[in-house]
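All remarks here apply to the structure that follows.
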């Protein structure tokens, strides 16, 4: 018996898991430095392995690339089918890029059970990459659920005072959605099987199947959508997020905000839109409404948070509202903007969490009122924090603007009032971020403890600079990134439009042209 | 790659060098920043020579944002209007950079200051070079960022940090409209390129044109501090004075005027939009002038004056007198920069004193500053022969033939301008002194590096009007130069009526100066009587018509209260309460159900039996 050749995607997916296994077996737990270096080397190797996915990706080809298809449980129609298109390749790169950053940021923050921490993070990476590359619903679901376990431990073991509550809430909330999604997956599996005679979980096959519009499609859409909406999180399913972020260690927050939330928006894009096109269009107005409410609501609630980490957590609700809005416009601009905004949010919010973590390690508090006047003491930190805040509030020239603007252009082409409502978000983002920045970096030094703060260490510069470089790069030359996505996005829209039934009920005023 | 790009490239490079190596460079930062500006100015001169004969060209750097049919490039459009703006930005910018060497001499943030100043000139030159609306927007926000950084330059002062934030957020309110306008332009035209959009504007539906133009104007109101978005500019005086001169008087705040003039093809499709521009301009011109009458802070007088003068420029645009608006933009850049730098020289000489009540009789001690600033004041009020005379009277003439009501109000504004300007000059330089003996003893003229820019700007104030602003049958030379870009409406400045108007406005200005003379020079004034809220009207003006108070009560506080309610009550109580309540309900149910699992076989057997009985009974009864 000969083994099938191992493809690049399999390497990228399982390299962290293999690394975790090697660390488990080979590195004794008392060698903390070795454990940290081991984790970093594995994650850097994974990133290196994923770079050819990017350089070798044919931007002109809308189909799946680097595809691998192996029979797994042929009796059940389950296959090991992986591949990336212009959308998922960005998210895979985002994952492999952020993981070394997160591990390096935890160098001194995690000093308890370092071995388990490194292993949990690497397993988490394998699960997340798996979610983004799966082209089989069964395989996808396995990764989707498997990734919960290491995240549960990252929050529940290395988190703050109220970590168990937050971890349980995170897992249970996600599981409620997953359970419904599993039912819908099975329903789709049986319906497709009954109609075509082929029982399969293979996503491309299922996508080609035209599901009749109606109650069944709507129910399946709702089940999938609920699972993803909780993950995003879409207002009003967001309350697990502030708890999870506040309790999670910095590295956990970076991955949670940077990658995990994208699994929700990615799910909408990869599953809801192509599998349930009629329902997606019919429910679109409700998604618009929730997204726009989320944009404004998240900003308002952020404004008055006394805790830096909660402020950043609620700002995610606002930012992800933009992404959801963009995706459901089903316009090329909205979708390209939505995809690039997923990456942007990963970088900007990831960087914000990193910097909150850095200041927390110095002062052991995250209360905004404990700071003030930091520019005079730690100008390096303050300057980078300003750049990251500006990126988050969508200043042109930095990454956030590109995504937000494309999303808003797409939204405007659907309905100008909807776009106007969403655009208010750019005002409120300036309010909560600049007010926070003013209270942290400007003014007199009000607390003696702040006078002795040390500026960024070389390790911290090394953690932040790559992220800031990407923030500027995407802002100045976004084409390098959007070009990879465009063909896949156009293909997705064409697919949804060709499958969606022509006649439909009139849309409410805020969603009709 | 065109050499045009060198104009912004020099200051950008200067900014980056001073940002990264600022700590090493320290006191030598101006050796990076000033040459960068000189190079940029020389580049602007070269470009100006290329557009001298009126032709325009575009040059593309790279493709920026692409998503299917949406495509924007980093492109420069260079035409006579661009040329004029470039010369003003880099020329005045260069003088202010030189001045800053003296003014910021002792500041610990010396290198940071020059880095920001260079960054501003980079952004501002890119703003006027931009060849499409999105690129304009990008650098529109970028100059806003520089403004934010420079207003809050002395960041340890809470008031400075507060003012910087306020400026950014109020500008974002305007940019909300600007952003929507850009989206709408793309939907309507399928492109954001100036050339294509202005060409297509001819066939645009009037309703769409009105919507787009008004949203664009909303952005202009934010950047150029027009009512009701004017509230940030007076507070922006927290920044160092060279910043007030460069950004908050001469260049950045005029970006709104530039934008409306540039997009006149869109505004002309909508009479509603032009009327709104006219009346917002007129109201702002008068409104801000009234507040300037009573201010006691030397910089705040000038700040309200700037708001008011920007109103004149918009009034001109609203009347279709685009070249008059741009001409006033240029002359105002000279004399208002001069006035601000002069004020800075006074502040410098008095070791930070900005209160007019504690000044006086400075003319003998600060001869150059007093002379040049008086020239600036004469330029501002429109003394015959000086720059402001030609530009302001062109606007008044256009108003007279366009709307008598607007003309009357603008004339009243000219009277107030003359009054508050000479009130400032008299109080600072001639009456008094009202400061302590110690301060008076130490008052000194500023070093040459500061006075030479004053002299240069004074010279420009004297010659600029007469050089290019004397009207002939075909308009002024300035208007003829801009005619490829901005249409000239013939026959506005006709014969005898025109002369009468000039005479009338000179009389009004003289009356304003005389009134200031009688109130402040004829008899010595006590410091306590200046700026006292003796009447309701003065109290109203001292509080700037309570607009800030109103915004605080009507917008800021309610929104803050709403946010607190959403965060503490709604989010934690209602939404999370429901989630946790659902969780608790499940636990409670499970606890109840658990009791069924008693472990006694008999219980299970009984339950099974009961179930079987019900099952059988159901089928029998069917």
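Miscellaneous remarks
- Flag for residue A:66 being within 18 Å of residue A:15 (Cα to Cα) and surrounded by fewer than 24 Cβ atoms within 10 Å (Cβ to Cβ): yes
- Helices (runs of 4 or more DSSP H) completely within region A:213-319 that count 2 or more residues being away from chain B (no Cβ under 14 Å) and farther than 25 Å from residue A:132 by Cα: A:215-231, A:277-303
- Evaluated against (1) touching a helix residue (DSSP H, G or I) at 6+ places or on another chain (Cβ under 8 Å); (2) under 30 Å from residue B:163 (Cβ atoms); (3) within 11 Å of chain B (Cβ to nearest Cβ), residue A:412 falls short on exactly one condition, (2).
Okay, residues lined up against (1) surrounded by fewer than 24 Cβ atoms within 10 Å (Cβ to Cβ); (2) at the interface with chain B (Cβ under 9 Å from one of its Cβ atoms); (3) under 22 Å from residue A:303 (Cβ atoms); (4) modelled with pLDDT of 95 or more:
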{"site": "A:361", "(1), (2), (3), (4)": "yes, no, no, no"}
{"site": "A:369", "(1), (2), (3), (4)": "yes, no, yes, no"}
{"site": "A:377", "(1), (2), (3), (4)": "yes, no, no, no"}
{"site": "A:390", "(1), (2), (3), (4)": "no, yes, yes, yes"}
{"site": "A:408", "(1), (2), (3), (4)": "no, yes, yes, yes"}
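- Helices (runs of 4 or more DSSP H) fully within region A:53-160 that include at least 3 residues being closer than 25 Å to residue A:352 by Cα and modelled with pLDDT of 90 or more: A:88-105, A:114-133, A:148-158.
- Search result, residues across region B:149-173 that are under 17 Å from residue A:395 (Cβ atoms), in a helix (DSSP H, G or I) and within 7 Å of chain A (Cβ to nearest Cβ): B:165, B:168, B:169, B:172, B:173
- Residue B:276 being crowded, with 24+ Cβ neighbours inside 10 Å and either assigned to a helix (DSSP H, G or I) or touching a residue at least 24 places away in the same chain (Cβ under 8 Å) (or both): no
- Among the candidates A:332, A:242, A:285, the residue that is within 23 Å of residue A:426 (Cβ to Cβ) and in contact with a strand residue (DSSP E or B) (Cβ under 7 Å, 6 or more places away or on another chain) is uniquely A:332.
- Test: residue in region B:198-206 that is touching a helix residue (DSSP H, G or I) at 6+ places or on another chain (Cβ under 7 Å) and under 28 Å from residue A:428 (Cβ atoms): no
- Screening the candidates A:438, A:495 for the property of being in contact with a helix residue (DSSP H, G or I) (Cβ under 8 Å, 6 or more places away or on another chain), in a helix (DSSP H, G or I), farther than 19 Å from residue A:349 by Cβ and away from every other protein chain (no Cβ under 13 Å) yields one hit, A:495.
This table checks each residue for (1) in contact with a strand residue (DSSP E or B) (Cβ under 7 Å, 6 or more places away or on another chain); (2) away from chain A (no Cβ under 11 Å); (3) under 25 Å from residue B:75 (Cβ atoms); (4) at pLDDT below 95.
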residue	(1), (2), (3), (4)
B:128	no, yes, yes, no
B:139	yes, no, yes, no
B:180	no, no, yes, no
B:184	no, no, yes, no
B:207	no, yes, no, yes
B:216	no, yes, yes, no
B:222	no, no, yes, no
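- Among the candidates B:540, B:559, the residue that is more than 14 Å from every other protein chain (Cβ to nearest Cβ), surrounded by 13 or more Cβ atoms within 10 Å (Cβ to Cβ), under 29 Å from the mean Cα position of the chain (by Cα) and free of Cβ contacts under 8 Å to residues at least 12 places away in the same chain is uniquely B:540.
- Subset of region A:323-339 (residues that are within 13 Å of chain B (Cβ to nearest Cβ) and within 13 Å of the chain's Cα centre (by Cα)): A:338, A:339
- Applying the condition of being surrounded by fewer than 24 Cβ atoms within 10 Å (Cβ to Cβ) and not in a strand (DSSP E or B) to region B:62-82 and asking which residue is nearest to the other protein chains (Cβ to nearest Cβ) yields B:68.
- In region A:16-37, the qualifying residues are those that are under 18 Å from residue A:150 (Cα atoms) and touching a residue at least 40 places away in the same chain (Cβ under 8 Å), and the one that is surrounded by the most Cβ atoms within 10 Å (Cβ to Cβ) is A:16.
- Boolean, residue B:199 is surrounded by fewer than 24 Cβ atoms within 10 Å (Cβ to Cβ), within 12 Å of chain A (Cβ to nearest Cβ) and farther than 16 Å from residue B:307 by Cα: no
- Residues located in region B:16-61, provided they are within 29 Å of the chain's Cα centre (by Cα), part of a helix (DSSP H, G or I) and within 14 Å of chain A (Cβ to nearest Cβ): B:16, B:18, B:19, B:20, B:22
- Among the residues examined, residue A:343 qualifies as more than 13 Å from chain B (Cβ to nearest Cβ) and over 20 Å from residue B:155 (Cβ atoms).
- Scanning region A:448-492 for residues that are within 12 Å of another protein chain (Cβ to nearest Cβ) and not in a helix (DSSP H, G or I) yields A:455, A:477, A:478.
- Among the candidates B:583, B:573, B:577, the residue that is part of a helix (DSSP H, G or I), surrounded by fewer than 12 Cβ atoms within 10 Å (Cβ to Cβ) and within 14 Å of chain A (Cβ to nearest Cβ) is uniquely B:573.
- Condition met for residue B:227 (more than 10 Å from every other protein chain (Cβ to nearest Cβ) and surrounded by fewer than 22 Cβ atoms within 10 Å (Cβ to Cβ)): yes
- Out of A:244, A:251, A:227, sole residue that is under 19 Å from residue A:325 (Cα atoms) and touching a residue at least 40 places away in the same chain (Cβ under 8 Å): A:227
- When residue B:177 is tested against (1) assigned to a loop (DSSP other than H, G, I, E, B); (2) under 29 Å from residue B:285 (Cβ atoms), exactly one condition is not met: (1).
- Any hit, region B:594-617, residues being within 14 Å of chain A (Cβ to nearest Cβ) and either assigned to a helix (DSSP H, G or I) or under 30 Å from residue B:162 (Cα atoms) (or both): no
- Residue in region B:484-493 that is loosely packed, with under 14 Cβ neighbours inside 10 Å and modelled with pLDDT of 85 or more present: no
The values are calculated or read from the model by the stated rules, or taken from the named source; none is laboratory data. Fair warning: this is a prediction, and the values are worked out from it, not measured in the lab. FYI the Cβ positions are ideal-geometry reconstructions off the backbone, even for glycines, and counts take in every protein chain you see.
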